[in-house]
Amino acid sequence: MPDLLIPVPSTWRKRRTRGYNPAALIAKDLARALNRPWTPKFIKTHPTEQDRKQQSRQQRLNDVTNPFYIARAQAVCHVAIIDDVVTSMTTANHVAERLQQVGFHNISLWALARSLPPGTNKGTNTIDD
């Protein structure tokens, strides 16, 4: 069980448009149900970060820039990255990379849904390639 739940941050544009961060709402409810702490301000996006939703899977995988930074450090052993939908794993990998850079090595990813990549057999949960 993780010591801390960390939601994937939304860009400021998305927060302004939606009025909320879906991952933060999920993390808050999970934290309450599991009696674990969570923090919405641990990791943030750079203010200039653009929305990647319109990018193709390949564009996301090819984009090597990491849009996240650690806003404040916290001494815990195991953290769980909380996201609403995982598409290409790029966001999760970038967040995990930043967490590793500040000393975290036991990192889990918890997501509500997984978007299947092209070439996936929709009748099963297997990838054709």
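Worth a mention:
- Pairing each residue of the stretch 113-126 that is over 21 Å from ILE81 (Cβ atoms) with any residue that is part of a loop (DSSP other than H, G, I, E, B) and at pLDDT 60 or above, provided the two are 6+ apart or on different chains, yields C-beta distances under 8 Å for LYS122/LEU116.
- Segments classed as strands (runs of 3 or more DSSP E), wholly inside the stretch 1-108, with at least 2 members that are of a type outside the set (Val, Ile, Thr) and either over 30 Å from THR120 (Cβ atoms) or modelled with pLDDT under 85 (or both): 68-70
The values are calculated or read from the model by the stated rules, or taken from the named source; none is laboratory data. On a predicted model such as this, the values are computed, not experimentally measured, just so you know. Every residue, glycine among them, receives a Cβ derived from its backbone with ideal geometry; neighbour counts consider all protein chains shown.
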